[in-house]
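To start, the structure under review is shown below, and the notes come after it.
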Amino acid sequence: NSPANDGGSASASLGVSEATEADSLKAILQDATIRKATSVEALVAAMRNHAEIAQLQTTACLTLVGMISDNEANRVQAGKAGAVEAVVVAMQRHIEHTDMQQVACLMLARMTINNEANRVKA
């Protein structure tokens, strides 16, 4: 290991660290945006556009639960917007994130209340 190689490794490590930090900041900003979202379509679009961010998926599921609970029209709208499919993708992609899995299960359970179309998709 020459000093030149070590310098390159340190530089590469900083790059990875900076990328991870940038991803975390991006997730936090998107998390705040998700919490302010007022439409089911906006939440589903965010889930699709940022499928790689488990924190965003968790927050979107929680927000959707609030929007669809005791609101049949929103359940129908969410189903048409592709919420069930987006949640299933999130669950498959983030298997190791137990908090996201729990919230996603709750969201799917709520989505399928008195809604056969959503039940078939789930």
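Can you work out the Karplus-derived ³J(HN,Hα) for every residue in the stretch 85-98? Use 6.51 cos²θ - 1.76 cosθ + 1.60 with θ = phi - 60°, whole Hz, and x for glycine or proline.
With coefficients 6.51, -1.76 and 1.60, one gets 5, 5, 5, 4, 4, 4, 5, 5, 6, 10, 4, 7, 8, 5 Hz.
For the stretch 51-112, which whole percent of the accessible surface, found with a 1.4 angstrom probe, sits on carbon and sulfur atoms?
54
The values are calculated or read from the model by the stated rules, or taken from the named source; none is laboratory data. No experiment lies behind these values; they were computed from the predicted model shown. The accessibility values were calculated without ligands, DNA or RNA, using every heavy atom of the protein model including side chains. Shrake-Rupley method; radii C 1.70, N 1.55, O 1.52, S 1.80 Å.
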